[in-house]
Structure formats: structure tokens, C-alpha cells
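Reviewing the structure listed below.
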Amino acid sequence: MCTMICERAPMEGSAKGRDGWFPLKNANVSYDHPFSAPWEYAVNIDFVNEDRGVGARVAVELSPESAKSLADSIIKALERGEADPQIQISVL
Amino acid sequence: MYTTEQYEGMIAETITLKGHNGDEIHTYFARPQGPGPFPAVVVIHHLPGWDEIYRDFTRKLAHHGYLAISPDLYCRDAHGTPEDVASAIRADGGAPDDRVLGDVQAAADYVLSLPSSNGKVGVWGTCSGGRHAFLAGCKLTVFDAVIECWGGNVIMSQDQLTEKQPVSPNEYTNDLNAPILGLFGDLDQSPTKEQVDQHESELKAAGKDYEFHRYPEAGHGFFYYHAPIYHQASAVDGWEKMFDFLARKLN
């Protein structure tokens, strides 16, 4: 938390926290000291909804390699899904 | 020095202080029982929050005979688990420097107002709290001793400055008005060895009373016994250096 490197991305979706599912508002991605992961620095991702208080948070703390792997996997899954003409994302 | 035949007691509790701008903030206050007079230390928590390890640090100082007071620098922002609060603060760019200084001044004023005070007060913090401790030693005039443990971002580049942290603390080096003890791990990445070198050379050039100790096998946060970054030998020596420094400067 000494680096203060933090990127915030607006989110639409849901996350499952300690009190169940909640609607997402932001993802905060920092490169800083983790709370739990066993390194001095980690890529920390907090899925949050500030309107519901600081406890509306789903957290992961990843090694840089894991974070890149996750980002690649998200992109690959998106590319496959968006290339499939039978899949359309819509609000029910 | 503690010996087994001594009576010992302390009171440790949350109190409410009027901090920066008169805002009411929660503060953890641990003090030895007895009339005193006792020296005091303002304990500035790290960016991961007003958490359990800072409760332990505050009580440890009281056990060693200090009025130890640790304000919740995030009290105005949110309440919840320390991790949840700190995560929100991290996303929001940290606590504003001027607000932190106001809260630290209020904590110092409070302990000095007590009949059990010996009239002397130090300031100590780790990580972002180390940065704040150095800043407090430069911008406030109330302190008789400053302890900076691995203060991250004491030296900031232009692109790191924000509305909340508008000035790199090392620019205030000439204003430091108390002796300073610095503890650093050579394996730390924030501050790096080069940044600690620069910090020390600036203190030397300004003619300040400083003592820096470097630990070659330690990284960041080597006092944090709850984390893998704990380094036992360095932490034990660091605590000894701290208590020796405080005894010399606050009595």
C-alpha cells in the first residue's frame, strides 16, 4: 500500500460476498501490498459496490503471472463467446 | 527493563478525540497504570488500516512505560473490518496528508494535556505511517523524537503526487525539528535502498540529528509477525533500537 498504484474500472454484474450476492459497481485493481498472499507485492482485485458499504467486497490477491494469466483467459473466453452467433448477452 | 517482581497494569481502550478540523475520531489509547510521569508516543497506523497488529504495537509501548495513542486515520471514511476499510481507502488514493497531520497533532496535544504526561512525546509509524511520521516531524513542532520504519513514498516522483499527497515529504527535510530514528530493510522495494540512501544523504546535508539502521536480510514490514515478510532477527534488533532511542529522547 505504499505504491498507491490503483486502477478503478466500472462494472456491471454480480459478486458473491459474505452476505450473498450483490450487484457490482466497480473493480479496484491495485499493485501493492496484499493482506494475505505471501509476497510483498501482489495484484489485488476488489470487486465492490461502495453504495452498500465497504463490506460489499470480493477480494483476490494474485501473483503478477497469475494476474496476466487471468487477463488472458478473460480475453480468450470473450473472443470465443463473441464469435459464436448463437450466443447473445441480454438482460432478462 | 522489565523484571518479574514488578507490578504491572495498563488500561487500553478506544476513546474519542477531536481531530483535524474538530472532527470526532476514534483513537486507541493504551497507558500504564499509575501517576507517572510517563513519556508518550503517537502511533500512526499503516495503510492496511487501524488493525490488530497496531493494537498490539500500541499496547507494547504501554507495557514499556509509554502513553501510547493511535488515532483511526480512516474514521471519517468508513467502518467495517480493517481490511475492507483499507481496501476502500486504497482505491480512493489514501488519506489526505493535511488531515493526517491534523489528527496526529490532536493525539499529541491530548496526551500532553494529561497529568500523567512527562511533557515529552514522540511519533512512530510503519509503511505509510513511517512516511506520515517523518512528515509530522517536519510539519509539526510538538514532537521530541521521530521514528520512521520503512516509510514508503517519502521520496515521490512528480507523477506520484496527488491532491491528497501534494508534496514529496523529503522536500520538507530542512524543516525536521526532532531527532529521527530510521529502520529499513535492504530487500524492500518501497523504499528502495537507493531511496533510503537519498533520504539519509538529505538528512546529513541538512545537519539533522538522525540514526539510520539497515537490515540486509529484511524486506518491507519486517515487524509484521502475522505475515511471511516478518524477519525475526531484524525485528528483535529493531525493537531494541526503538526503545533505546525513545528512552534517550523522551526522558
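The values are calculated or read from the model by the stated rules, or taken from the named source; none is laboratory data. Since the model is a prediction, treat every value here as computed from it, not as a measurement. Cβ coordinates were reconstructed from backbone atoms using ideal geometry, including for glycine residues, and neighbour counts include every protein chain displayed.
Say we look at region B:82-96 and pick out the residues that are small (G, A, S) and within 18 Å of the chain's Cα centre (by Cα); which of these is farthest from the other protein chains (Cβ to nearest Cβ)? Outline the logic, then answer.
Initially, region B:82-96 is screened for residues small (G, A, S), giving B:86-88, B:91, B:93-95.
Adding the requirement that they be within 18 Å of the chain's Cα centre (by Cα) leaves B:86, B:94-95.
On the way: B:A86: 7, B:G94: 6, B:A95: 11 Å.
This residue is B:A95.
Just name the residue that is surrounded by the fewest Cβ atoms within 10 Å (Cβ to Cβ) out of those in region B:6-64 that are under 29 Å from B:V236 (Cβ atoms) and among the β-branched types (V, I, T).
B:I11
For region B:47-81, name all the residues that are in a helix (DSSP H, G or I), within 14 Å of chain A (Cβ to nearest Cβ) and within 17 Å of B:H132 (Cβ to Cβ). If you could, list the steps in order and put the result at the bottom.
Within region B:47-81, the first condition is being in a helix (DSSP H, G or I), and the residues that meet it are B:52-63.
Next, only the ones that are within 14 Å of chain A (Cβ to nearest Cβ) stay: B:52-54.
The answer is B:I53, B:Y54.
Tell me the strands (runs of 3 or more DSSP E) entirely within region B:111-195 that contain at least 2 residues that are small (G, A, S) and within 22 Å of B:D72 (Cα to Cα). Give the derivation first.
Numbers: elements: B:117-126, B:145-149, B:180-185.
Once the strands (runs of 3 or more DSSP E) in region B:111-195 are filtered for at least 2 residues that are small (G, A, S) and within 22 Å of B:D72 (Cα to Cα), what remains is B:117-126.
Being surrounded by fewer than 19 Cβ atoms within 10 Å (Cβ to Cβ), more than 14 Å from chain B (Cβ to nearest Cβ) and in a helix (DSSP H, G or I) is the requirement here; does A:K16 meet it?
Details: surrounded by fewer than 19 Cβ atoms within 10 Å (Cβ to Cβ): yes; more than 14 Å from chain B (Cβ to nearest Cβ): yes; in a helix (DSSP H, G or I): no.
Against the criterion (surrounded by fewer than 19 Cβ atoms within 10 Å (Cβ to Cβ), more than 14 Å from chain B (Cβ to nearest Cβ) and in a helix (DSSP H, G or I)), A:K16 does not qualify.
Given the conditions (1) in a strand (DSSP E or B); (2) closer than 30 Å to A:A9 by Cβ, and given that B:V100 satisfies all but one, which numbered condition is not satisfied?
The one condition B:V100 does not meet is (1).
Would a scan of region B:91-99 turn up a residue that is modelled with pLDDT of 95 or more and surrounded by fewer than 16 Cβ atoms within 10 Å (Cβ to Cβ)?
So far as region B:91-99 goes, yes, one or more of its residues are modelled with pLDDT of 95 or more and surrounded by fewer than 16 Cβ atoms within 10 Å (Cβ to Cβ).
Filtering region B:196-212 down to residues that are of a type outside the set (D, E, K, R) and either part of a helix (DSSP H, G or I) or without any contact (Cβ under 8 Å) to a residue 12 or more places away in the chain (or both), which residue is farthest from B:M242 (Cα to Cα)? Before you say what the answer is, go through the steps one by one.
Start the filter on region B:196-212 by keeping residues that are of a type outside the set (D, E, K, R), which leaves B:196, B:198-199, B:201, B:203, B:205-207, B:210, B:212.
Next cut, either part of a helix (DSSP H, G or I) or without any contact (Cβ under 8 Å) to a residue 12 or more places away in the chain (or both) only: B:196, B:198-199, B:201, B:203, B:205, B:207.
Working: B:V196: 18, B:Q198: 22, B:H199: 19, B:S201: 21, B:L203: 19, B:A205: 24, B:G207: 22 Å.
The qualifying residue farthest from B:M242 (Cα to Cα) is B:A205.
For region B:159-192, which positions are among the aliphatic types (A, V, I, L, M) and either under 19 Å from B:W124 (Cα atoms) or in contact with a Phe, Trp or Tyr (Cβ under 8 Å, 6 or more places away or on another chain) (or both)?
Taking region B:159-192 first, the residues among the aliphatic types (A, V, I, L, M) are B:161, B:167, B:176, B:178, B:180-181, B:183, B:187.
Those that are among the aliphatic types (A, V, I, L, M) and either under 19 Å from B:W124 (Cα atoms) or in contact with a Phe, Trp or Tyr (Cβ under 8 Å, 6 or more places away or on another chain) (or both): B:L176, B:A178, B:I180, B:L181, B:L183.
I'm told B:G36 meets every condition in (1) touching a residue at least 12 places away in the same chain (Cβ under 8 Å); (2) outside any loop (DSSP other than H, G, I, E, B); (3) more than 18 Å from the chain's Cα centre (by Cα) except one. Can you identify the failing condition by its number?
For B:G36, the exception is condition (2).
For region A:56-78, does any single residue satisfy the condition of being without any contact (Cβ under 8 Å) to a residue 40 or more places away in the chain, on the phi > 0 side of the Ramachandran plot and either in a helix (DSSP H, G or I) or away from chain B (no Cβ under 14 Å) (or both)?
No: region A:56-78 contains no residue that is without any contact (Cβ under 8 Å) to a residue 40 or more places away in the chain, on the phi > 0 side of the Ramachandran plot and either in a helix (DSSP H, G or I) or away from chain B (no Cβ under 14 Å) (or both).
Look through B:A145, B:A178 and report the one residue that is surrounded by 17 or more Cβ atoms within 10 Å (Cβ to Cβ), touching a residue at least 12 places away in the same chain (Cβ under 8 Å) and in contact with a Lys or Arg (Cβ under 6 Å, 6 or more places away or on another chain).
Working: B:A178 fails: in contact with a Lys or Arg (Cβ under 6 Å, 6 or more places away or on another chain).
Just a single option satisfies the conditions, and that option is B:A145.
Kindly indicate whether A:R8 is surrounded by fewer than 18 Cβ atoms within 10 Å (Cβ to Cβ), closer than 21 Å to B:L47 by Cα, at pLDDT 95 or above and within 8 Å of another protein chain (Cβ to nearest Cβ).
Values: surrounded by fewer than 18 Cβ atoms within 10 Å (Cβ to Cβ): yes; closer than 21 Å to B:L47 by Cα: yes; at pLDDT 95 or above: yes; within 8 Å of another protein chain (Cβ to nearest Cβ): yes.
When the stated conditions are applied, A:R8 passes them.
Do you know which of the residues in region B:184-195 that are within 17 Å of the chain's Cα centre (by Cα) and closer than 16 Å to B:S168 by Cβ is modelled with the highest pLDDT? First the steps, then the outcome.
Narrowing region B:184-195 to residues within 17 Å of the chain's Cα centre (by Cα): B:184-185, B:190-191.
If we keep only those that are closer than 16 Å to B:S168 by Cβ as well, we get B:190-191.
On the way: B:S190: 88, B:P191: 93.
Looking at residues that are within 17 Å of the chain's Cα centre (by Cα) and closer than 16 Å to B:S168 by Cβ, I get B:P191.
Considering only region B:224-235, I want to know if a residue exists there that is buried (at least 16 other Cβ atoms within 10 Å of the Cβ), modelled with pLDDT of 95 or more and outside any loop (DSSP other than H, G, I, E, B).
Yes, region B:224-235 contains a residue that is buried (at least 16 other Cβ atoms within 10 Å of the Cβ), modelled with pLDDT of 95 or more and outside any loop (DSSP other than H, G, I, E, B).
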